[in-house]
Structures are given as structure tokens and as C-alpha cells.
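One structure is given here, and the rest of the page talks about it.
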Amino acid sequence: MTMTQSPSPPNSNDDKPQAVSAEVAQEANQAQQDVGAEAAKQSVPASVFVNSEPIREDQVSNAVKFLSHPKVRGSPVIYRRSFLERKGLTKEEIDEAFRRVPDPTSSSKPASLNQDGQAKSSSNVQTQAPIQTPQPVAVAPTGIASLEGRQFHWYHAVSAVGLLAASGCGTALLIKKVIIPKLKLWVRKVVLEEENDYAKKIDAKPSLAEEAAAAAKAAAAAASDVAKASQEMLNSKNEERRRFEEFMSLMDAQVQEMKSMSNSIRKLGGQASSSGRVFSDHDDHRVSASSTKQSYANGKVDVNVQLEGRSSTPPASAEPPHPKSYMEIMEMIQRGEKPSNIREVNDMPPNPNQPLSNPLIAPRTKVLQSQTSAEGLNQNGQDDGLNYLLDDESSTPWWQRKNVRITEIENEDEVKDTGPYGVRTNEQPPPPIQRTWVPPRPPPVAMPEAAEAIRRPKSTPKETATQEQSADGQSAAHPSEVTDELQRITKMSESVGALEMNGGFSTGNSAVIQEQENSYGEN
Amino acid sequence: MPVFKTPFNGYSVRFSPFYESRLAVATAQNFGILGNGRVHVIDLSPSSPVINELIAFDTADGVYDVAWSESHDSVLVAAVADGSMKVYDTALPPQANPVRSLKEHAREVHGLDYNPTRRDSFLSASWDDSVKLWTLDRPASLRTFREHAYCVYSVAWNPKHADVFASASGDCTVRIWDVREPGSTMIIPGHEHEILSCDWNKYDECLIATASVDKSIKIWDVRNYRVPVSALNGHGYAVRKIKFSPHRRNLLVSCSYDMTVCLWDFMVEDALVGRYDHHTEFAVGVDLSVLVDGLMASTGWDELVYVWQQGMDPRTA
């Protein structure tokens, strides 16, 4: 059976009584949709081991910024994920951030720069006919455009901005100083020619003058265009500067994050090789450079395998003092020597298909309070989980005895406990052997069906078999029944809440179970 | 209280779920850096405070963890530093052991946990960043859970939900998984440093404790995992292993590189309720008996295994 709601963890691990109603609702296919919401509410408590938080947008956007950083892009994906996990992001948030990270070739900054370059070069082309100097200006934008393919560093932005400013000013100056005087000279020449040829070319003069005037106008228009272009350039430069500032602030934030990341990595870092045994967690033994190191620069892990021995890494906190012989052995390993006390041991199984021996006793009945309401249906009635290895029960073993102090503490503890303790009694100094924590009766012999139970979790229940407190023969005789019982019990615990227990369970115990279940239900 | 001396440095100790007086100890030579390993199965003598060795198995590489089968009283699994796991059956003659060698991990297997509910499967946590699910009857793993970015140090089955488990990793996160789901269902970025151990509360299946290199133990409720329920400080160095009591709801035990074993009650303001400093080297393994209330065991790099009752001094005879 499947859940209809989207955070759909299988609720078959729910063995609370509440699950009964959820299960029933599910099996009614038509009603499933209607009670979907109800069932969701009822079954969500069952799957507490799943994240049910919604995706937090702020976390995702931070993660996207982190992932867009060029240095982060160079690191292996698993380290990026590990970093984000350590920052507390859930799987869904991390996946969403990975989905959102843009393609490296289309990041915003080089694109905008490219556009500016194109705009400049097009405006310069207009004025290129009468003026030849804008060529260097055209070169500069195209040169900048060629940067698009490379990594965009901030100093590129600065130099681009500077180039643009310089070329703009240069163009303006050139126009003022060179072009206009040339124009003036040219106009004067034309005027002189006019005077000389006035008599001859009276008709031509006006046209010449007109042409000159037109040319002057065109030149003036061109000059104004150039002025406009340079003005635009200045504006775009300002805009670029602004964007650059924004980008710088983002970069700063990311640099901070990268720093913290590298710090934490460094703390873990200096770690050993793939074949070295790493006491990476806490030993502060400084292993010399010949041994393995892990450097996390740029998110890459370099693992150098030099030795077969183990090397350890500095812990984050202070170093625990190592035994002297430990240091000696580490140094020996670093020198390449092998400690002399190692011998060749063949620990391979002589017969890999050796069947396991039949178990002598079935698993002990150990009562775990209230928890066993679901699973401890397997309370064995006869309750001789007292299969002692020893025969002399006349004197209780030394490990059973507790001193008075402990009993007092126990009583205090008892007071604090909220749940019922079921069968436990603490007052008597050798406490009864009725014990503690019990999982359900399992099959003594592992059968394929048991493995099935793992592979196909929602297995169908099979026959119930009474689990006798078995002598050796019996356990061998009922392997399949016991296995089936396991499945049945597991299923029961999931679905029914362990209410139907038959046979083999003493009424006293089942009453206890009921009581525990009730109390558990209250919890 | 009895003491057992191991020839190699201790790494892990586990009580048998079948026999009150039986324990398994994982040891590794040369502090686990390089060398052989050995698994000891030891018995407490009921009348006198003496520990006897039932049998020991040698391995080619150090043994980092050991777990008893919940289905067979004589079967135990050992996590070996060469990436394999060995299955031993103490009811078979020694020359028939190990009965299985399960080798799939690319790096050291650091943690093991046997499913106490289904009783037929177990998990292995490895330094190759993955967790694998196994059963005794199949030579290959059933599932591989690969999401951690660094070594997985510890796995723990949820005591109530048979398909849910948690893994603690050096990537500073604890992940909750469901074997029926392809990926992890929850990520708890519990500490700023590596998380070495995790364990579920045996009475409240939503509470999980994590122990970290940052010397603290934090208790989390998975229903509200952004903020810890409680933070237990008091250890002087990294906390190596923690275990919730199967008998007390609020009690948990921890062992640390500060050579002490501490008892905590996390619902109380002054959480530290007991401290045992019997070890003279790193205390790396600790366990509480499921069958006997208050019985605890610890082992450390000082090659000693102590078994004592809570409230008593482990070093008294």
C-alpha cells in the first residue's frame, strides 16, 4: 500500500495504535483520497525519522551563492554537499541549490561587459569614417569582449573601466585638438580658394561653401556623436562601477564563507591516506611529511599514500597525551620499519560454507518498558529466560549484587522516570532476573525468509507459531515457523499494535503487555 | 571486580545477549596502527571475581569492533582493519573458525551493530565512507549506504523501528536511514568536529545521542533536530563511545580519551552521575549489559578489560 501524500515515507514502521486507523483508511481505496489529509496527519508522527520541513529559501539562496563561487566550482561535488550539510541544510534544500546554480559560461558579469563592448564598438563605427582615431577605442572593447571566455577577475573589471575612461577622454581630447583645427584649416583653405577663384568659380563657390558647410556640419554632428558616445561610456562606466561594487560585496561574503569552510576543512585536514589507518578524530600525533596528508586547498583532496602504517591527524581540540610506545610505533612506521611482533596469520575461513551451529537457547526475554508493547508481544510466557549458563543458582553471581547506595540511587531514578517500568522491581538487592530490554522473538536460525523480510519490507505475514522456550531440538524443528512468526510479529506490530497474542503467552504477561501498551499509548 | 588482561590493545567490548556472564573483546596489536588482531570470548566466573577466556581467535589485522549475533547464541562478528568481517561460531571447534569472511569494504571496518529487533541482519560502518547491511546467510552485502563524505565511525539500529538506523561520521554529521529508502532520511549536523559514536535511547526511539571529538555528548530528538535536547560536557578529550542504558531511560555511559568512563543522566541539571578512572590509557570501548542491570564493562589501550557493577569501584578485588 502506498501513501498518497507527498512526504511519503512508508508508514509501515509505525507500530502505534494510531496507525490502525491510518492503515484502515489506506486500504479503502476510494476513501483514500478523502482521508488522505487525515491519514497524513496520523501517519506523519509515525515517520519521525524524515525531514518534514519545507524548503527554506534563504538557505537555498545562500547555498546558490556559495556554489557559484569559482573556487567552489573546482571542488568535488561531495565536499560541496558535505559543507552545505554541515551548515544545516536539508537534502531537499541542497538539491534545489544544485539545480539553481547557473551554467558557468553564462554568468552575468562577462555578459554585461560583452554587451557594453559591443555597444561601444558600434557607436565608434559610426564615427569612424571621418575620424580615424577611434580605432584604438574599438580595439579596447573587443579586447574586453575576448575576456568573456576566461575567468572574470575583479582586476579585469578595474582595468576595463580604466581603459574605457582613458579611451573616452582620449577621444574627446583628440577631437578637440586635432580634428577641429583640421576642419578649421580646411575651411580656411576653401575660403581662400574661393577668394582666388571667385571670379572664375562663382557658381562653384556657393556649392563648395555649401559642401564645406555641410561637411563642417557633418563633422560637428560626428563630434557631437562622439561626445554623446563618450558620455554614454562614462555612464556605463559608472554603472559598471556600481555593479562592480555590488559584486565585490558578494565576493566578500563568499570569501568569508570560503574561509570558514577551509578552516573547518583544515581542522579535519592533514589526514591520512587511503591505506593508512587514520586516527583522524583526535590524536594529535604529528606525522612527518613522509606520511599521508590531505590538503583541502581548492576543495581538492590530495591523498598521498606513502606508507602502509597508520598516521594520525591533529584534532580540533587539545591533544590527548599518547602512550609513549604509541609514539614509538608511529615513528617506526614513518621510518618505514615494521614492528617486529607482527606475524603472518591466516584468518580466512577454512570452509566458507560451514553451516552455523544450532543455537542452544532462544533469545532471552528482555523486557523493555512500553516499547515492547508493540514488539514484545513475544514475551515468553514461561519466562524462563533464565537460561543460565551456570547451574548453581543457589548463590547469586557476584555481578548481580548491588550495594545499598546503588539501590538508593535507583529509587531516585525511579521517581524521575515517567513511564511504567513493567515488571521491574528495584527494591530487592538481588533483583529478579526478569530483565530489560527485549526485542521480539526471532528465528534462531536465519532463514532465507528473514533475508526476504529485509529485501521486501512489506512482506506478507505468515502463520503464527508459538514460540516455546525451546530445548535445542525444538528450535531446530521449528525454524520456518519461527521465521514466519518473526514476520508475522513484525507485521502485527506494525499494523495491529500487537493486540492479538495467542498461545504460549501467559495471561499475566499479556496483561502486562496490555498495560504497557496502554501506557505507551498515553505517552 | 575482575580484570582481564589482553595481549593486544583493547578496542571494543560487548556483552552477549544470551549469556549474562559472557563478553566478547576486540583487540588490535600496536594500538591498531599495524599488526594482528584478536577476538576474545570471556566468561565471568559467578563465584569469584575472575574472568576466564573461553576462546580467542587471531586475525591478520587489528579488530576494531565485535558484535554478538542476536539469533545464534554462539555466533559473533568481528570488524577487521583490513576491511573484512569475520564471523565466528564458538560452538564449533576452533579449527572450523572463522566460518565466514565478508570482504567488501575498501577500508577499515570500524563499527558493527546487530539488529536487535529483526535479529538476522547487521550493519558495518567503514572508513570508506559507507555503511553496509548484511545477513549471516549471504556472502554479499544486501545494501550499501554511501552518502557520508568521510569515515563512518559508528552505526546503531533503532531499538524500536526495525528498519531505521543511524550512522555517525567524521564529516561531522549523523544520518538517519531507513533500509527501505534509497538514501538517508535525515541529516543532523550535530557537531563542529567529527562524531565518533551514536546510540539510540532504548526507551524513547526518537532520542539519539552523539559523541564527538569536541569532548561533548549531545542528545537529539529527531522530531526537532535543529537544537539538541541536552549537551553533556565533562570529558577532557574526545569521547570515543557512548551507550544508552537498556535499564534506565535517562542513563548513558561514555568512554573517552581522557581515560575515564562516565555515567550521565541527561535529564538532570548536573548530568554527570558517575566517573570511573580505572584505565591508564585511552578508554575506547564500553558496554552495558542488557541482561543484568547495572553491569558494565570497559576496555582500553592499556590492554585491560574491566567488568563491574555500577556504583562499585572497578579496581577493587
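Side notes on the structure shown:
- Each residue in the range B:98-115 was checked for being polar (S, T, N, Q) and surrounded by fewer than 21 Cβ atoms within 10 Å (Cβ to Cβ), and 1 of them qualify.
This table checks each residue for (1) within 14 Å of chain B (Cβ to nearest Cβ); (2) modelled with pLDDT of 90 or more; (3) within 10 Å of the chain's Cα centre (by Cα).
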position: A:Glu53; (1), (2), (3): yes, no, no
position: A:Val72; (1), (2), (3): no, no, no
position: A:Ser75; (1), (2), (3): yes, no, no
position: A:Lys91; (1), (2), (3): yes, no, yes
position: A:Arg100; (1), (2), (3): no, no, no
position: A:Asp103; (1), (2), (3): no, no, no
position: A:Ser106; (1), (2), (3): no, no, no
position: A:Ser112; (1), (2), (3): no, no, no
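- First in the range B:235-253 and within 9 Å of chain A (Cβ to nearest Cβ), second anywhere and in a strand (DSSP E or B) and of a type in the set (Asp, Glu), Cβ under 7 Å, 6 or more apart: B:Asn250/B:Asp265; B:Leu251/B:Asp265
- From the list B:Val152, B:Val164, the one residue that fits, being facing another protein chain (nearest Cβ under 7 Å) and surrounded by 24 or more Cβ atoms within 10 Å (Cβ to Cβ), is B:Val164.
- Flag for A:Lys41 being at pLDDT 85 or above and either of a type outside the set (A, V, I, L, M, F, W, C) or within 17 Å of B:Gly183 (Cα to Cα) (or both): no
- Being hydrophobic (A, V, I, L, M, F, W, C), touching a residue at least 12 places away in the same chain (Cβ under 8 Å) and touching a helix residue (DSSP H, G or I) at 6+ places or on another chain (Cβ under 7 Å) holds for only one residue in B:Leu304, B:Leu295, B:Leu291, and it is B:Leu295.
- The residue that is surrounded by the fewest Cβ atoms within 10 Å (Cβ to Cβ), counting only those in the range A:352-376 that are modelled with pLDDT of 80 or more and facing chain B (nearest Cβ under 7 Å), is A:Pro352.
- Tally of residues being within 11 Å of chain A (Cβ to nearest Cβ) and either surrounded by fewer than 24 Cβ atoms within 10 Å (Cβ to Cβ) or in a strand (DSSP E or B) (or both) across the range B:124-135: 5
- In the range B:6-26, of all residues being within 13 Å of chain A (Cβ to nearest Cβ) and not in a strand (DSSP E or B), the one that is surrounded by the fewest Cβ atoms within 10 Å (Cβ to Cβ) corresponds to B:Pro7.
- If the condition is being within 8 Å of another protein chain (Cβ to nearest Cβ) and touching an Asp or Glu at 6+ places or on another chain (Cβ under 6 Å), then the range B:261-294 contributes B:Val273, B:Glu281, B:Leu291, B:Val292.
- Check on B:Arg118, at the interface with chain A (Cβ under 10 Å from one of its Cβ atoms), buried (at least 24 other Cβ atoms within 10 Å of the Cβ), more than 17 Å from B:Ile176 (Cβ to Cβ) and in contact with a helix residue (DSSP H, G or I) (Cβ under 9 Å, 6 or more places away or on another chain): yes
- Some residue of the range B:150-157 being among the small types (Gly, Ala, Ser), in contact with a Ser or Thr (Cβ under 9 Å, 6 or more places away or on another chain) and assigned to a strand (DSSP E or B): yes
- Counting only strands (runs of 3 or more DSSP E) wholly contained in the range B:202-273, the ones carrying 3 or more residues that are under 18 Å from the mean Cα position of the chain (by Cα) and either surrounded by fewer than 22 Cβ atoms within 10 Å (Cβ to Cβ) or among the small types (Gly, Ala, Ser) (or both) occupy B:207-212.
- Subset of the range A:192-227 that is basic (Lys, Arg) and modelled with pLDDT under 85 - its residue that is nearest to A:Thr171 (Cα to Cα): A:Lys205
- Residues (free of Cβ contacts under 8 Å to residues at least 12 places away in the same chain and more than 8 Å from chain A (Cβ to nearest Cβ)) located in the range B:87-96: B:Pro93
- Qualifying residue in the range B:102-123 (condition: of a type in the set (Gly, Ala, Ser) and touching a Lys or Arg at 6+ places or on another chain (Cβ under 7 Å)): no
- Looking only at residues in the range B:34-86 that are closer than 15 Å to B:Leu136 by Cβ and within 8 Å of another protein chain (Cβ to nearest Cβ), the one that is surrounded by the most Cβ atoms within 10 Å (Cβ to Cβ) is B:Ser71.
- Those residues of the range B:197-223 which are closer than 16 Å to B:Val286 by Cα and of a type in the set (Ser, Thr, Tyr), in sequence order: B:Ser197, B:Thr210, B:Ser212
- Looking across the range B:136-149 at every residue that is more than 10 Å from chain A (Cβ to nearest Cβ) and over 26 Å from A:Leu84 (Cβ atoms), the one that is surrounded by the most Cβ atoms within 10 Å (Cβ to Cβ) is identified as B:Ser141.
- B:Arg180 meets the conditions (1) without any contact (Cβ under 8 Å) to a residue 40 or more places away in the chain; (2) within 7 Å of chain A (Cβ to nearest Cβ); (3) in a strand (DSSP E or B) in every case but one. The failed one is (3).
- Residue count for the range B:35-78 satisfying the condition of being of a type outside the set (A, V, I, L, M, F, W, C), over 16 Å from the mean Cα position of the chain (by Cα) and part of a loop (DSSP other than H, G, I, E, B): 12.
The values are calculated or read from the model by the stated rules, or taken from the named source; none is laboratory data. Everything quoted here is computed from the prediction, not taken from an experiment. Neighbour counts run over all protein chains shown; Cβ positions are idealised from the backbone, glycine included.
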